[in-house]
1. Each residue of region B:117-125 in turn: what ³J(HN,Hα) in whole Hz from Karplus with 6.51, -1.76, 1.60 and θ = phi - 60°, glycine and Pro shown as x?
2. Hey, for A:ASN153 with labels 7 Å out along Cα-Cβ, what do the inter-copy distances come to in nm, ordered shortest first?
3. One decimal, nm, shortest first: give the distances between the label point of B:PRO40 and those of the same position in the other copies, each label point 7 Å from Cα along Cα→Cβ.
4. Applying the Karplus parametrisation 6.51 cos²θ - 1.76 cosθ + 1.60 with θ = phi - 60° to the phi angles of region B:50-66, what ³J(HN,Hα) value in whole Hz is obtained for each residue in order, glycine and proline being reported as x?
5. Give me the three principal axis extents of region A:5-146 from the C-alpha atoms, as integers in angstrom, largest value leading.
6. Check each of the trypsin sites (Lys or Arg not before Pro) in region B:46-124 and keep only those in coil by DSSP with at most 15 other C-beta atoms within 10 angstrom; list them in order.
7. What list of ³J(HN,Hα) couplings, whole Hz, do you get for region B:110-115 from phi and the Karplus terms 6.51, -1.76, 1.60, once you set θ to phi - 60° and write x for glycine and proline?
8. B:VAL92's amide H: which non-local residues (gap 5+, or another chain) put their own amide H closer than 5 Å, with H modeled 1.01 Å from N in plane and none for Pro or chain starts?
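What follows is calculated from the coordinates using simple rules that are stated; it is not laboratory data. Not measured: the values here are computed from a predicted model. No Cβ is skipped: glycine too gets one built from the backbone with ideal geometry, and neighbour counts run over all protein chains shown.
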2 protein chains.
Amino acid sequence: MDISARTDYAVRAMLTLARAADEERGPVSVDALATAQELPRRFLEAVVADLRSAGLVESTRGARGGYTLSRPAAEVSVGEVFRAVSGPLAEVRGLRPQDTAYTGVAEHLPALWVAVRAALRDVLDATTLADVLSGRLPEHVRPLLDAPDAWTNR
Amino acid sequence: MDISARTDYAVRAMLTLARAADEERGPVSVDALATAQELPRRFLEAVVADLRSAGLVESTRGARGGYTLSRPAAEVSVGEVFRAVSGPLAEVRGLRPQDTAYTGVAEHLPALWVAVRAALRDVLDATTLADVLSGRLPEHVRPLLDAPDAWTNR
DNA sequence: TAAATACCTACTAGTTAGATAGGATTTACG
DNA sequence: CGTAAATCCTATCTAACTAGTAGGTATTTA
């Protein structure tokens, strides 16, 4: 269960765009995005292209062009960003959780995989870019951080 | 966020061993494990080796040998199986969630990654092999399956 | 017209996933 | 004691993926 560099970069770029929108600074170039978070420029270019085809950002070409959020930061969930750049939140051997088919002892395994996906959705689809910017995660997400060993390895 | 074939196979093999322990059938060979769940035998051999070095199963060599659970199925969580065969539950660009370091707009991102890991733990560390065998997931996991669209794509 | 920018296509190196092969070692059992 | 059934060890293979780079075209502003 890895969060790829691609996804990490995408979220950070979106946060940068959210802040820019907040300050009404107009379109932000890939170059500016890369510099702001120290991301590899050429690679980021491909990532932002995915965000664009997913409709999460809009581009303006030419000099003084760049990218802007399509929607307010409070209406864009991190889960959407995930899906835009790296597909479904959870897959099992390339299948959607509910499409896995087992027999015998593994009969009930799909339920577990569906629960895993649901748990991810509960966090990622509920948390918006604005939440991350402010550091105030949603009501029902916060308790997850209060578990005694939430911040340590297990 | 993919659950690999490796992990899927590991869980299914563990479930098979759990059932065998239940019926006091003694050690189960890799060949029997592979046949029971239609898994590639040679590949499974490597997977079971990981389960062994993690201490989750014990092996007996020679004819009539095979593998047995080290602990009762009700005391082995699916999370342990995950970690045994594919490392930490959640990583960000190869780093543990709490070890990620950001500046500026991404300042609070580690909290989100930690929450994601915590959500996974809540499901995977709480669910035991016995739970999956019986189809009765833990109290606090079941509600995840009751969400209206839990079983459909989003 | 020049600079800045998105956008498109292609490429590369390294790693991982999934799987297979051959054989060495150990052990129950007839 | 011998043989078959196992684990166990090491090596290999292929395809795909990940992260990243390169070069150039199209578009727009100043």
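1. Rounded to whole hertz, the list is 4, 4, 5, 5, 4, 4, 8, 6, 7.
2. Between copies, matching label points for A:ASN153 lie 3.7 nm apart.
3. Result for B:PRO40, in nm, nearest copy first: 2.9.
4. Taking θ as phi minus 60°, the curve returns 5, 4, 6, 5, 7, x, 7, 10, 10, 10, 10, 7, x, 4, 6, x, x Hz for region B:50-66.
5. 62, 32, 24
6. Passing both the DSSP loop test and the Cβ count: B:ARG61, B:ARG64, B:ARG93.
7. Residue by residue, region B:110-115 yields x, 4, 5, 4, 5, 5 Hz.
8. A:ILE3
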